[in-house]
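For reference, the structure is listed below as structure tokens.
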Amino acid sequence: MATFTVPTKFIGMDSAHMSLAQFLQLQSEGWKMASHTVNHLNLPTLTLEEADFVLSESRRKLIELGFKVDNFVHPNGGYNNDIIKLTKNYRLLME
Ligand SMILES: [Zn+2]
């Protein structure tokens with residue numbers, strides 16, 4: 001099965017986005033949720049503190065909503081050496 005991913009801010013945000021129930025349905029069908037930060041900002045453009053927040057908060061929120069989260073996908077594929085070090089703490093996957 002495939003992995004799906006969404007910045008937590010966008011879950012059920014409006015009718016153009018999938019609802020929480022729809023995402024949970026995918027998971028129940030065997031899809032895997034990967035963390036994708038809170039707001040889809042390109043990580044290298046943030047301070048390390050901000051990057052750490054959008055990573056940890058998105059993971060926390062997804063778990064709170066009922067997802068199993070083992071992976072991470074970089075928004076826009078953006079990373080640098082500092083971000084790689086940071087994402088290692090979250091057991092994370094490159095886009
Ligand atoms: Zn993306």
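The values are calculated or read from the model by the stated rules, or taken from the named source; none is laboratory data. Quick caveat: nothing in here was measured; it's all calculated off a predicted structure. Every residue, glycine as well, gets a Cβ built from its backbone with ideal geometry; the counts of neighbours run over all protein chains shown.
Structural remarks
- Conditions (1) within 16 Å of the ligand (Cβ to nearest atom); (2) on the phi > 0 side of the Ramachandran plot; number of the one not met by residue 12: (1)
- Annotation note: of 51, 34, 21, the sole residue that is touching a strand residue (DSSP E or B) at 6+ places or on another chain (Cβ under 8 Å) and of a type outside the set (S, T, N, Q) is 34.
- Within segment 38-47, the set of residues being more than 12 Å from residue 79 (Cβ to Cβ) and touching a helix residue (DSSP H, G or I) at 6+ places or on another chain (Cβ under 6 Å) comprises 38, 39, 40.
- With respect to (1) at pLDDT 90 or above; (2) within 16 Å of the ligand (Cβ to nearest atom), the lone exception for residue 87 is condition (1).
- Taken over segment 12-49, residues that are among the acidic types (Asp, Glu) and under 16 Å from residue 88 (Cα atoms) amount to 1.
- Each residue in segment 25-80 was checked for being of a type in the set (Ser, Thr, Tyr), within 11 Å of the ligand (Cβ to nearest atom) and loosely packed, with under 14 Cβ neighbours inside 10 Å, and 0 pass.
- Within segment 1-23, the residues that satisfy the criterion of being under 16 Å from residue 70 (Cα atoms) and surrounded by fewer than 15 Cβ atoms within 10 Å (Cβ to Cβ) are 1, 2, 3.
- Strands (runs of 3 or more DSSP E) contained entirely in the chain, each with at least 2 residues that are of a type outside the set (Ser, Thr, Tyr) and in contact (Cβ under 8 Å) with a residue 24 or more places away in the chain: 32-35, 69-72
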